[in-house]
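What follows is a single structure, written as structure tokens, with notes after it.
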Amino acid sequence: MLPTDQSQNYITNYTYLSSEERYQIFILLRKGFSKCYIAWRLNCSSSTISREIIQNRTRNGYFAQYANKLARRRHCPNPKRIPDDTWVQIIAYLDLQWSPEQIASHVSVSLHSIYRFIQQDKSRGGVLFHNLRFRNQKKRKYGAIETRGQLTNRKSIQDRPAEIEQCSRFGDLERDTIGGKSHQQSLVSIVDRKTGYLWLKKCSTRKPEEVCQATIRLLKPIKAHLKTITADNGKEFSLHEYAAQELDVDWYFADPYSAWQRGTNENTNGLIRQYIRKGSDLNDYTDAYSAEIIQRLNHRSRKRLGFKNPSQVLWQQHGVAHQMLI
């Protein structure tokens, strides 16, 4: 416990810490001492210790060497100026709807600097912030009564082999349809669980016959690589048995109102919504535009792939060329 008679010795103003003091903080934190105790040991205010840990910690905790590096960079009297051509490159990535984190993995500029650049552009009336992934959508209420009927011979996701959960192989797919204006049109969205590779095709209706044929046309070229498909419970998948037979795959259905069971597909649909907003008339979008979406997303780096893109991973790990998939 911190001795009460020493509390008046605290330094109320913020103090710059030395590298030796940061190593002391690191050791005391590892031993489980509180921030108040550490402040007493270093004869500084507890706010100084809290600010130090918050500003200079990593995702995995506080480390003295990394904290020193960040502090030196932050307090450098002559900070390095980022060249204009680097910002041009960053803007180009933003125009492709890359996230700041993805951009920072390819350009030697910090994530904080990119966000600050976007905010400054916005304050000047710029539109770069439009490329960020933000939405103000009303969430669907779960627990409503299912009114779309039941699918015949439905194989539940509960019967799916456990190895599919590991996302360790190419060919385990998730699929969905994205509805257009008044639910008259649809986009067939199919994603590989391991690589995040996307197939996308526009349909003029949501009729099972058209959705089934679109699925078969998209996946027929790589039939030999396919293993399973997991879909939601939409009636547009009522011809699932026919599609499964044509593609020689096992077809499973997620539990009702359990979107997280198809997390890869749901996340990818969110990326697609950057290009096609909810409620849009899909007739306004050409097949060439859909192909551009596929090209962009399949060549966009992904954090979970070590900032490689799905096309790279398919070619490097599975020998499947992009040309075979489109």
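Things to note:
- Beta carbons closer than 6 Å, at least 6 apart along the sequence or on distinct chains, pair a first residue in segment 107-121 that is farther than 23 Å from LYS69 by Cα and modelled with pLDDT of 85 or more with a second that is among the aliphatic types (A, V, I, L, M) and surrounded by 13 or more Cβ atoms within 10 Å (Cβ to Cβ) for ILE118/LEU128; ASP121/LEU128.
- Residue satisfying all of: in segment 232-280; without any contact (Cβ under 8 Å) to a residue 60 or more places away in the chain and charged (D, E, K, R); surrounded by the most Cβ atoms within 10 Å (Cβ to Cβ) among these: GLU236
- Qualifying residue in segment 200-219 (condition: closer than 15 Å to SER290 by Cβ, part of a strand (DSSP E or B) and under 21 Å from the mean Cα position of the chain (by Cα)): yes
- Considered as a group, the residues in segment 296-310 that are touching a residue at least 60 places away in the same chain (Cβ under 8 Å) and in contact with a helix residue (DSSP H, G or I) (Cβ under 6 Å, 6 or more places away or on another chain) include one that is surrounded by the fewest Cβ atoms within 10 Å (Cβ to Cβ), and that residue is LEU305.
- In a residue-by-residue description of segment 281-292, the property of being surrounded by 18 or more Cβ atoms within 10 Å (Cβ to Cβ), among the aliphatic types (A, V, I, L, M), in contact with a Gly (Cβ under 7 Å, 6 or more places away or on another chain) and touching a residue at least 40 places away in the same chain (Cβ under 8 Å) applies to at least one position.
The values are calculated or read from the model by the stated rules, or taken from the named source; none is laboratory data. Here the structure is a predicted model, which means the values were calculated and not measured. Reconstructed Cβ throughout: ideal geometry from the backbone, glycine too, with neighbour counts over all protein chains shown.
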